[in-house]
Amino acid sequence: MSQANDQFERDWVEEPAADLLRVLFDYKSLAPDEVRHLREGLSTEPVLTVRLAECLKRLNPWLDEDAVRRTVAAVTRVSAVDVMEANEVAYTALTYGVTAAHAESGRRQDRNVRFFDFDDPSANTFEFARQVAIKGPRKEIIPDLIVYVNGLPIAVIECKSPSLADPMGEAIRQFRRYESRDEFSGLGAPRLFETAQISIALARDTAKFGTTLTPVRHWAEWKDPYPLTLDALSAQLGRTPTGQDILLAGLLAPANLLDVLRNFVIFETIDGRRIKRIARYQQFVAVGKAIERIRTAVTPQRRGGVIHHTQGSGKSLTMVFLATKLRRLREAENPTLVIVTDRTDLDDQITGQFQRSGFANPIQAESGATLRSALSGGAGTTVLTTVHKFHSAVPKGSPIISAARNVFVMVDEAHRTQYGALAARMRAGLPNACMIAFTGTPIDKTDRNTREVFGDYLHRYLIDQAVKDGATVPIFYEMRDAQLRIDGRDLERDVRAAFPELSDEEFQKLKRGMRLHEKLAGAKVRVEAVAKDILSHYRSTIEPNGFKAQIVTVSRDVAVSYVEALRNLGAPECALIMSTSNNDSARLQAHHLSKSERDTLIGRFKKRDDPLRILVVCDMLLTGFDAPVEQVLYLDAPLREHTLLQAIARVNRTAEGKTYGLVVDYWGDNRRIADALDMFSDEDGITSALRPLSEKIQLLESRHRAAIRLFEGLHSHDDAECVELLRPDDIRAKFELDFLRFSEAMDMVLPDPKALEDPYPSDLKWLSRIRVLARRAYHEEPFDPKDYGAKVGEIITNHLSVTGVEQLLVKFDILDPAFRPHLDRLRSGAAKAAEIEHAIRHEIHVHRDENPAAYASLWEQLEGIVNDKREARVSAASALSQLEAIVGKAADIRSGAACSSGGLSGTAAAILPFIDPDLPETERSQSAAGITEALEAYAEVIDWQQKEDVQRQMRRSIKVRLRSLGLDAQKVEATTAKIMDVARARYVG
């Protein structure tokens, strides 16, 4: 590091950090001589053993000298196979204490020795020291600051100059050396990290923290100095707080540090590997505010509230942290804790999280009887259950389960189930419980129930903030049209003609149960087309980077069709996960799996190196399914509102090398996306979560400029000159960062053809060549193509382009006054044409029964124009002109304007096309008008559509007039059915 950077580090980072600890929180600064004395001159000892012994005696006055020595040895002479195991052993001792022999009145009575007074922070000794050298097996390390509590090193701080290209990266790399990890094996002093719980990297405006062996991508910022406010911190500092100020105030304020140490650290085993987690700031603040309300509520009924933490930001862990703190809350008096979900898979997931986290004795209720028994067993029980089990746990007329006030119920995704009979049973069984709601999606602006039942928000952590913090990755959204069209002029009428024996009432029941959208979606030709497009997209965009996919279908039958189509296309291994029933067809039963078989497949899918790449689902794994390896959700189902938002959040989990999640929507109805987003206020930050392609392209442009700016003024083909420019370490570090960001932006845009336009691919090749040459010239790590994505080179080399995919825009009602101004704001004629096309489709779908003949004509015209447009037989401008003409016709039809030479309008005009066209025009018009007059009289009867006797009289009146025209019996029956359909559509009052 240069002398200037050394100075910046001391003046801008290290000194302000030391001042904050000393002045704001009354930490004592230890001089080098004091450190030497307090650790008895042992350069290999990270613990201030003298200070620790003093504090142990003060906190445990009954300890004798031998017990003090044994207690100190319990955390300084830890026996373990690696630093993680040693840290866990030491952590358990520090937080729970150790047992020491004690004699009283001549009798031996073992007692627990405490290392800290967690209830009274002022009873502990808070100190820090700068530049303490700790000798490891081969070399010594010298962290910038070490924070001690009662002589125990609890936090290690590394400071970096903010003028460096990547100060956080350098600091985190240094921690890897301190811990003797990976390539630094034997070069650190891992004993320091046997008791240290928090690792902190500071660079003035930016700051991050981790814990023992934290991977790079899990280092996080701390953005809330709670319980201080930003204004209060600013007032105490006398200046605007920097990023490092906020982190230090939030994590190292004495009360906070002890709280984090005791209640917000867990160890768990993931894929056979022991890992350590420490809370992020939103989890710490949410739990703190929940405890604060519980303690200060005016009445017991006001103790609850709502915690809204966006999907994927660690909501299950927040529940564990809150439960842990409630267990130790004196006011809670050994509480009963109940964690309630509305789905079995969520219950399993959260139960698993509690068990992995080492939470003491959580009980998963297997039945209502088990639930009642567990909750009746007295205080101190923790029960996990689905809300449905309260149905049998609290049968009608049964006594309450518990009237205690120290019962705390945490309800996950409360908006889904908490206002019906099951929730009422729960409240009847636990009438005085404190209810705390957790939700991963915002509360609907019109939904007042959640806050009325649970109370106001305790804390909110919105999706845009989670993306900014790196807690989740951004979600990109695109819509694709399968470009399939319905053959035939009128599907519904063809179905009607196929069942002439049905009465009108029976046919209406048939229509209600027909689920036409699902049948169209599941048509073999459509599923095969979409499956082929999905496979092409997956192979070019997702698979090369090692990520996986989920396909959501409209029904289980369609899900089976997708699996069959994908396998026939030679797709990577895929599996179907769906609910089952004994009454399923043979086709569905062929795909039935036991619970253990489903769990095995899900476990395989979550492993990045397992060949199972694609899961096809219908109603399962849409909520509570945490698979960071999943990057794309292919959506071919009409999910709405909360279910839709929860489903798309499946792709927002962070994973190594994953920079975004993607939702590809094939259902072709953007309105439900808009409706889901419109449910919530702007402050919910939802709209920023779904990013259009234009934003990705803008990001590519800006990152491209940043990557090549360094070489401005140089001859781009002079490799030697470019490599020479990269000789200084800091310039080379900045180039590396800019190159990776440019490569990442390319990865986001591909396979859109925009990424293949010059200068992006040529500059990426050129920069990658310079990068390789510079690494070789300066003896750095060999070039690894994974740094910028294997598929980037593959796609650029093959000049991959995407054709046949149409982006669909938000639909509007074409008669809405706001439609045309919005249309004028669109960027191109092609976009306008696409939007008008789908608006017309919506118009026809909603109103075609009011005038079947006229709308059938429109349908034919629309299909012709769309086909011409897609086959490039007409220009986008020509298609736009023709579509705009159809808008006018649709408006005329909707308003009942004249549509025949007879000058009829409204219902009469809609009936006219069904009367024999071979008859004289005057006679046809008179008959249409007469039928209309008769129908209007009957339609004045309230609820006529539900009264068969009224409909019978209407049909008789129609038939009398049709027979008077000389029509045969078969034609009379068919025409009568069509006219009755018009009447049902038009006379809806």
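Things worth noting here:
- Among residues of the stretch 603-626 being modelled with pLDDT of 90 or more and part of a loop (DSSP other than H, G, I, E, B), the one that is surrounded by the most Cβ atoms within 10 Å (Cβ to Cβ) is Arg613.
- Given (1) closer than 29 Å to Tyr660 by Cβ; (2) among the small types (Gly, Ala, Ser); (3) out of contact with any Asp or Glu (no Cβ under 9 Å at 6 or more places or on another chain), number of the condition Ala220 does not satisfy: (3)
- Number of residues in the stretch 50-83 that are surrounded by 13 or more Cβ atoms within 10 Å (Cβ to Cβ), within 47 Å of the chain's Cα centre (by Cα) and more than 15 Å from Ala93 (Cβ to Cβ) equals 2.
- Restricting the search to helices (runs of 4 or more DSSP H) fully inside the stretch 291-378 and requiring at least 2 residues that are within 19 Å of Ile278 (Cβ to Cβ) gives 315-328, 344-356.
- Of all residues in the stretch 10-34, those satisfying the criterion of being among the aliphatic types (A, V, I, L, M) and loosely packed, with under 13 Cβ neighbours inside 10 Å are Val23, Ala31.
- Any hit, the stretch 284-304, residues being under 26 Å from the mean Cα position of the chain (by Cα), crowded, with 18+ Cβ neighbours inside 10 Å and closer than 21 Å to Thr214 by Cα: yes
- Yes/no for Ile697 being at pLDDT below 65 and of a type in the set (A, V, I, L, M): no
- Within the stretch 97-134, the residues that satisfy the criterion of being of a type in the set (Lys, Arg) and either at pLDDT 95 or above or loosely packed, with under 15 Cβ neighbours inside 10 Å (or both) are Arg107, Arg108, Arg114, Arg130.
- Options Arg526, Arg496: the member that is modelled with pLDDT under 75, buried (at least 18 other Cβ atoms within 10 Å of the Cβ) and in a helix (DSSP H, G or I): Arg496
- Reported count of residues in the stretch 53-75, each being closer than 19 Å to Ala101 by Cβ and not in a loop (DSSP other than H, G, I, E, B), is 15.
- Every residue from the stretch 179-191 that is in contact with a Phe, Trp or Tyr (Cβ under 7 Å, 6 or more places away or on another chain) and in a helix (DSSP H, G or I): none
- Any hit, the stretch 117-125, residues being in a helix (DSSP H, G or I), polar (S, T, N, Q) and closer than 23 Å to Val68 by Cβ: yes
Yes or no, residue by residue, for (1) assigned by TED's automatic domain parsing to the domain that holds Asn256; (2) among the small types (Gly, Ala, Ser):
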site: Phe8; (1), (2): yes, no
site: Glu34; (1), (2): yes, no
site: Arg51; (1), (2): no, no
site: Glu54; (1), (2): no, no
site: Asn60; (1), (2): no, no
site: Ala67; (1), (2): no, yes
site: Arg77; (1), (2): no, no
site: Thr95; (1), (2): no, no
site: Ala101; (1), (2): no, yes
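- Among residues of the stretch 143-169 being aliphatic (A, V, I, L, M) and not in a strand (DSSP E or B), the one that is modelled with the highest pLDDT is Met168.
- Subset of the stretch 640-656 [out of contact with any Phe, Trp or Tyr (no Cβ under 8 Å at 6 or more places or on another chain) and assigned to a loop (DSSP other than H, G, I, E, B)]: Arg640, Asn652, Arg653, Thr654, Glu656
- Pairing each residue of the stretch 322-345 that is touching a residue at least 40 places away in the same chain (Cβ under 8 Å) and on the phi < 0 side of the Ramachandran plot with any residue that is part of a strand (DSSP E or B) and of a type in the set (D, E, K, R), provided the two are 6+ apart or on different chains, yields C-beta distances under 7 Å for Val340/Asp412; Thr341/Asp412.
- Filter result (basic (Lys, Arg) and buried (at least 21 other Cβ atoms within 10 Å of the Cβ)) within the stretch 35-49: Arg39
- Residue selected from the stretch 419-448 under the condition among the hydroxyl-bearing types (Ser, Thr, Tyr) and in a loop (DSSP other than H, G, I, E, B), by the criterion modelled with the lowest pLDDT: Tyr419
- Tabulated pairs, the stretch 521-549, first assigned by TED's automatic domain parsing to the domain that holds Tyr634 and of a type in the set (S, T, N, Q), second crowded, with 18+ Cβ neighbours inside 10 Å and assigned to a helix (DSSP H, G or I), C-beta under 8 angstrom, 6+ apart or interchain: Ser540/Lys791; Ser540/Ile795; Thr541/Lys791; Asn545/Asp747; Asn545/Lys791
- Residue within the stretch 405-418 that is touching a Pro at 6+ places or on another chain (Cβ under 9 Å), modelled with pLDDT of 90 or more and outside any strand (DSSP E or B) present: yes
For every residue, the table says whether it meets (1) more than 24 Å from the chain's Cα centre (by Cα); (2) part of a helix (DSSP H, G or I); (3) closer than 21 Å to Gly661 by Cα.
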{"site": "Leu535", "(1), (2), (3)": "no, yes, yes"}
{"site": "Ser561", "(1), (2), (3)": "yes, yes, no"}
{"site": "Glu564", "(1), (2), (3)": "yes, yes, no"}
{"site": "His592", "(1), (2), (3)": "yes, no, no"}
{"site": "Arg598", "(1), (2), (3)": "no, yes, no"}
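The values are calculated or read from the model by the stated rules, or taken from the named source; none is laboratory data. Quick caveat: nothing in here was measured; it's all calculated off a predicted structure. All Cβ positions, glycine included, derive from the backbone under ideal geometry; neighbour counts span all protein chains shown.
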